[in-house]
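K.L.:
Below you'll find the structure I mean.
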Amino acid sequence: MFPAISVTKQTKIERIAHGLVILKGILNEEQQKWLANYALTASSTDTKGGFWSVLPDGKTVLNNDKGRGRIYDAITEFPEPTQIEALCQSLVKLSREVDDRMPEMKPTHLLLLYYATEEGMYWHKDSDPNDGDNDHPIVSIAIGNSCSFGYKLLGKGEQFVQLDSGDVIIWGGPNRMLLHCVDKVHPNSCPSYLPINNVRLNFTFRDAPNVLGRENKYKSSVEVTYNQLLPHVLEKANKIESQ
């Protein structure tokens, strides 16, 4: 069972803007360990291979990019779904205590990301159908290596905040379409008490009832620069998308 969340002296909950809240240090060591083990279990028990894909020559590689693997599915398909759903809702509740314009949510889907290198993720908005068609929050939990998280508020330039293991950032409502990126992952910053080494894990919860039952269209995602390495994965994803 996931250990209950409590706000301590080490916790700092800040509303950066309406619809953008960061919860620094909200997850303690025990909770971080639980989540790291959870991600490893989810990968090892996933019938699609978890964060990994096996090439025709038998080589095992990450399934999304050279340094990144992903698992996407409905929460009900993950281990202990009621536990992680409750975790997400408790974090949203805390964010709403400092931001009255942050909507409530009922998470339907989870995206798990595994960053194995310093490479982050390009600037983007969570605007695809599997991200949800509402203004309900995106809840992003950082475990393992720290990263530099970039965001652009309307009318302002690029801003960056460091997300360490146990930090959470949430955006929704007026900032639901926040332009953001993972600018860089800081190597060898993973806490020694975690069951992972030099890896960044990211849990991203979404409220996307519009794609319930259609998850197969979004499970496989291969970055453009990675297509030549994993053509069979891309071909499979395109076949599913066309069905």
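Values quoted throughout were computed directly from the atomic coordinates according to the rules given, and no laboratory measurement underlies them. In this text, all values refer to a predicted model and were calculated from it rather than measured experimentally. Because the Cβ atoms are built from the backbone with ideal geometry, glycine has one as well, and the counts that use them run over all protein chains shown.
K.L.:
Let me know the Kirkwood hydrodynamic radius for region 104-144, please, with Cα pairs as the basis and the value in Å to one decimal.
P.N.:
12.5
K.L.:
How large is the convex hull of the C-alpha atoms of region 120-161 per residue, in Å³?
P.N.:
106
K.L.:
Now for a different question. In square nanometres, what is the average projected area of the Cα convex hull of region 51-114?
P.N.:
5.8
K.L.:
Report, to one decimal in Å, the Kirkwood hydrodynamic radius for region 149-200 based on all distinct Cα pairs.
P.N.:
The Cα-based Kirkwood calculation yields 12.8 Å.
K.L.:
Between (i) 66, 38, 30; (ii) 72, 42, 39; (iii) 52, 39, 37, which matches Cα extents along the principal axes in Å calculated for the structure shown?
P.N.:
Computing Cα extents along the principal axes in Å and matching it to (i) 66, 38, 30; (ii) 72, 42, 39; (iii) 52, 39, 37 gives (iii).
K.L.:
Report the relative contact order of region 10-82, percent, no decimals, based on alpha-carbon pairs under 8 angstrom and at least 6 residues apart.
P.N.:
Answer for region 10-82 is 17 percent.
K.L.:
Follow-up question, since we're still on this one. What number comes out for the charge environment of Val92, summing +1 per Lys or Arg and -1 per Asp or Glu over other residues with Cβ under 14 Å away?
P.N.:
Taking every Cβ under 14 Å from that of Val92, the sum is 0.
K.L.:
So, how do all the Cα-to-Cα distances of region 2-123 break down into 10 Å bins, in percent, from 0 on up?
P.N.:
With 10 Å bins starting at 0, P(r) equals 11, 33, 37, 15, 3, 0.
K.L.:
I've got another one for you. I'd like the distance between the alpha-carbon centres of region 57-128 and region 173-205, rounded to an integer number of Å.
P.N.:
10
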